[in-house]
Amino acid sequence: MSNSSSTLRADVLIVGAGPVGLTLANLLGTYGVRTVIIERHDATVHEPRAVSIDDESLRTMQAAGLVDDVVKDVVMGYGVRYFSWRGNPFAAIQPTRQEYGYPKRNAFRQPLLEATLAQGTRRFGHVSLLFRHELLSFEQSATGVTAQVRHDGGELTIEAPWMVACDGGRSPVREMLGIPLEGETYPERWLIVDLAQRTVPLRHTSTFCDPRRPAIRLPGPHGTLRYEFMLRPGDRDEEVLDEKNFRAWIANREPQDTELPLVRKVIYTFHARVAQRWREGRVFLAGDAAHLTPPFAGQGLNSGIRDATNLSWKLAAVVRGQAPESILDTYESERRPHASALIRMALRIGHFMQPKSVFGAAVSQAALRVACLLPPVRDYILQLKFKPKPVLERGWYQPSPVAPKAELLTQPRVELPDGRHVLMDTVLGGDYAVLGWDSPAFRAAAARLLPPGAPGRVVGVLRQELDFIGTLPQDMALVRDVTGELAQWLDARGAVAVVIRPDRYWYALVAPQALGASQAQSLPLPVQARAA
């Protein structure tokens, strides 16, 4: 970071210090990228907002070096129980699989997460978090962005080659760029009531699919609790915000919650909208600035964190001269399809949660109850397998006939030579990695499989039935596939090794014949994103 009179210079300017902007700042901090993040408010948020964080997002917190601090304020591994219009349970989602290293559904409170992320930025001398700094305007050139920022009645100029707008659903940056949102805003309104000091210990969410008043009860960490009630067309704001009215609704769902202390009450309308484009020159949109997701699947914040995960390492690679600027063109092409798929999933869940009539509710709920008698269907629902998989349809990777779409690599626990069991990303490091079955051929060829100019780590893997024997290599890590999950993953794809991107999607699968060639060459840049 450099500061000349009233001009501040950095590599990346982030607008908005919500969860997405703060996550991006922390990730860039781990890469040594000079980052300035500005926020017009005095501090991080104090009121509850998002309440669900998933396994992919916790994996990102692990990459940022903050997961241990984050999970202190998280209820890990909660499920969802669905109740019929008669108040009887008829379905449940209770995933137990942890393919990415963490439970799939976890309850949190946004103020606590933001405070942890803000504190995390202080680890880096090259990251500046500036509150009470409001973006007024900006201009772009062929080499960067010049932003005018108001602070305490004065103005500051910030110059950076790249800018990322993480400034929310009403993004001023998106408006300045003239980028429209595409999609719909729905007429249904919901009342959110946040409470404290809950006495019912049940940790799972309860969803009441009752056409008379659809409702959700969401327990959170540290005794917090949220209720969400769908409003009818004739409901008036002043009536539904009257405590005696919504506390009566709460009493109908859980009498013990009726008198809990009130933290917040607010009415919201949900959106299913995506920005027409996510990049304009040297400015990118991320989080709610790029896409607005209905709340029914708890994926709005998580989609934003995926944006930060995808964009951070690409910006870092360009800033450090380790990748061409064309890699940044793959941000939207990789993220838009998955974000849109999650919006569609949330809408489907919302339609189920908001039955329009008792008859419709009875029919759909009876059908689901019968379907769950079939083990494959029950497992599909229980393990959350209907959630769109994190795959890339095109982008910065080398497709193969066996696997035309890159996917997020599983994260099992592996054994180190000293006997410790750790999550795999702990060994992979923060850049690229080459992971494969340990052999003389692998040791000879692995480093050359990294993309040109990209830093990375080589990790040899021993199969589950093997021991650590002999001298450990000096220029690579060695682990044992203690759970057998890596064997299952590699063998299913006919690969003996895999090149892994910093965001843990695979870059290339390595077949036995490719590894065995004595003249193994570096993998080329992806055709879709080669520099012009």
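The values are calculated or read from the model by the stated rules, or taken from the named source; none is laboratory data. Predicted, not measured: the structure shown is a model, and the values here were computed from it. For neighbour counting, all protein chains shown are included, and Cβ atoms are generated from backbone atoms with ideal geometry for every residue, glycine included.
General remarks:
- Residue in region 408-430 that is assigned to a helix (DSSP H, G or I), closer than 28 Å to Met345 by Cβ and among the aliphatic types (A, V, I, L, M) present: no
- Of all residues in region 131-146, those satisfying the criterion of being outside any strand (DSSP E or B) and within 29 Å of the chain's Cα centre (by Cα) are Arg132, Gly144.
- Some residue of region 229-251 being touching a helix residue (DSSP H, G or I) at 6+ places or on another chain (Cβ under 7 Å) and touching a residue at least 60 places away in the same chain (Cβ under 8 Å): no
- Meets criteria (assigned by TED's automatic domain parsing to the domain that holds Val427 and within 25 Å of Asp418 (Cα to Cα)) for Val498: yes
- Members of region 321-346 found to be part of a loop (DSSP other than H, G, I, E, B) and buried (at least 20 other Cβ atoms within 10 Å of the Cβ), listed by number: Ala323
- Condition met for Gly287 (under 30 Å from Pro526 (Cα atoms) and either crowded, with 19+ Cβ neighbours inside 10 Å or touching a Phe, Trp or Tyr at 6+ places or on another chain (Cβ under 6 Å) (or both)): yes
- With respect to the conditions (1) in contact with an Asp or Glu (Cβ under 8 Å, 6 or more places away or on another chain); (2) not in a strand (DSSP E or B), Trp190 falls short on a single one, namely (2).
- Hey, Ala433 over 21 Å from Ile327 (Cβ atoms), crowded, with 20+ Cβ neighbours inside 10 Å and among the small types (Gly, Ala, Ser) or not: no
- Output for region 166-213, where each listed residue is β-branched (Val, Ile, Thr) and buried (at least 19 other Cβ atoms within 10 Å of the Cβ): Val173, Ile179, Ile192, Val193, Thr205, Thr207
- Failed condition for Ala445, given (1) surrounded by fewer than 21 Cβ atoms within 10 Å (Cβ to Cβ); (2) in a helix (DSSP H, G or I): (1)
- Residue within region 168-187 that is hydroxyl-bearing (Ser, Thr, Tyr) and not assigned by TED's automatic domain parsing to the domain that holds Asn26 present: yes
- Condition check for Arg198: of a type in the set (Lys, Arg), out of contact with any helix residue (DSSP H, G or I) (no Cβ under 6 Å at 6 or more places or on another chain) and not assigned by TED's automatic domain parsing to the domain that holds Phe296: no
- If you go through region 393-445 and keep only what is free of Cβ contacts under 8 Å to residues at least 60 places away in the same chain and among the hydrophobic types (A, V, I, L, M, F, W, C), you end up with Val422, Val427.
- Residue match in region 264-287 (condition: more than 26 Å from Ile327 (Cβ to Cβ) and not in a strand (DSSP E or B)): no
- For region 408-440, the candidate set comprises residues that are at pLDDT 95 or above and of a type in the set (S, T, N, Q); within that set, the residue that is farthest from Asp481 (Cα to Cα) is Thr426.
- Among the residues listed as Thr23, Thr35, Thr30, the single one being among the polar types (S, T, N, Q) and either at pLDDT below 95 or within 29 Å of Ala196 (Cβ to Cβ) (or both): Thr23
- Residues satisfying the stated conditions in region 489-518, i.e. over 23 Å from Gly101 (Cα atoms) and not in a strand (DSSP E or B): Gly494, Ala511, Pro512, Gln513, Ala514, Leu515, Gly516, Ala517, Ser518
- Any hit, region 370-379, residues being modelled with pLDDT under 90, crowded, with 16+ Cβ neighbours inside 10 Å and not assigned by TED's automatic domain parsing to the domain that holds Gly494: yes
- Every test in (1) in contact (Cβ under 8 Å) with a residue 60 or more places away in the chain; (2) assigned by TED's automatic domain parsing to the domain that holds Arg59 is passed by His291 save one, and that test is (1).
- Failed item in (1) modelled with pLDDT of 95 or more; (2) in a helix (DSSP H, G or I), with Glu259 passing the rest: (2)
- Any hit, region 38-50, residues being over 18 Å from the mean Cα position of the chain (by Cα), acidic (Asp, Glu) and surrounded by 18 or more Cβ atoms within 10 Å (Cβ to Cβ): yes
- If the condition is being of a type in the set (A, V, I, L, M) and part of a loop (DSSP other than H, G, I, E, B), then region 448-474 contributes Leu450, Ala454, Leu466, Ile469, Leu472.
- Residues being under 19 Å from Leu408 (Cβ atoms) and either surrounded by 22 or more Cβ atoms within 10 Å (Cβ to Cβ) or modelled with pLDDT under 95 (or both) - total across region 455-467: 3
- Restricting region 155-165 to residues that are over 22 Å from Gly18 (Cβ atoms) and surrounded by 14 or more Cβ atoms within 10 Å (Cβ to Cβ), the residue that is farthest from the chain's Cα centre (by Cα): Thr157
- Residues that are within 16 Å of Ile14 (Cβ to Cβ) and among the acidic types (Asp, Glu) within region 90-142 comprise Glu114, Glu134, listed in sequence order.
- Selection of region 241-252 for residues being surrounded by 13 or more Cβ atoms within 10 Å (Cβ to Cβ) and either within 25 Å of the chain's Cα centre (by Cα) or modelled with pLDDT of 95 or more (or both) yields Leu241, Asp242, Asn245, Phe246, Arg247, Trp249, Ile250, Ala251.
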